[in-house]
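Report on one structure; see the data block that follows.
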């Protein structure tokens, strides 16, 4: 490969006199001499070396396809596992969603049973209170109509024993009804308490 270079030396400018002259006008500096254009360097391309026909080109990746065959199936297996995982997640989500909706409906049923039960229980308490007030007024009426002290004492004793028995029976009735309402409230929830977390 041959490289040829030509260099030319640029012309130097002549020195300019800088002595001050009072009356004479300053002379202009002479124009610089033209500079020669730079010479381009031409590089001749090298001729390609001939490859002997007998020499075979060996790829560095030859035989690598055999080594990579087990790994070629790996992404397919990963994709299959990922698809299976997504499908499992979808079915679990659908089961969880259905169970949660069922649980929500059961909670609503439970709340409706509680509301109805409390309403009836409050009605029973008012009935007990009304019976107590009526018994009290009837007792006062009987006391005012008593003619002797012994009759008044006898009325008082019978009223107290009757009230104790009535209070015992009414308390038992209220307790039984409260237990019944609690069972009605708990029954819908009890059967579905584990449903949201149960797989289909």
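Among the criteria (1) surrounded by fewer than 13 Cβ atoms within 10 Å (Cβ to Cβ); (2) modelled with pLDDT under 85, the one residue 192 does not fulfil is (1).
Can you confirm whether region 146-153 contains a residue that is out of contact with any strand residue (DSSP E or B) (no Cβ under 8 Å at 6 or more places or on another chain), surrounded by 11 or more Cβ atoms within 10 Å (Cβ to Cβ) and either touching a residue at least 60 places away in the same chain (Cβ under 8 Å) or not in a helix (DSSP H, G or I) (or both)? For region 146-153, residues out of contact with any strand residue (DSSP E or B) (no Cβ under 8 Å at 6 or more places or on another chain), surrounded by 11 or more Cβ atoms within 10 Å (Cβ to Cβ) and either touching a residue at least 60 places away in the same chain (Cβ under 8 Å) or not in a helix (DSSP H, G or I) (or both): present. Considering 138, 166, 182, the condition of being at pLDDT 90 or above, out of contact with any helix residue (DSSP H, G or I) (no Cβ under 6 Å at 6 or more places or on another chain), surrounded by 13 or more Cβ atoms within 10 Å (Cβ to Cβ) and part of a helix (DSSP H, G or I) is satisfied by 166 alone.
Quick grid of which residues meet (1) touching a residue at least 24 places away in the same chain (Cβ under 8 Å); (2) within 24 Å of residue 180 (Cα to Cα); (3) not in a helix (DSSP H, G or I):
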| position | (1), (2), (3) |
| --- | --- |
| 91 | yes, no, no |
| 94 | yes, no, no |
| 99 | yes, no, no |
| 102 | yes, yes, no |
| 108 | no, yes, no |
| 115 | no, yes, no |
| 124 | yes, yes, no |
| 129 | no, yes, no |
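The values are calculated or read from the model by the stated rules, or taken from the named source; none is laboratory data. Note that this is a predicted model, so its numbers are computed, not measured. Cβ sites come from the backbone with ideal geometry, for glycine too, and all protein chains shown count toward neighbours.
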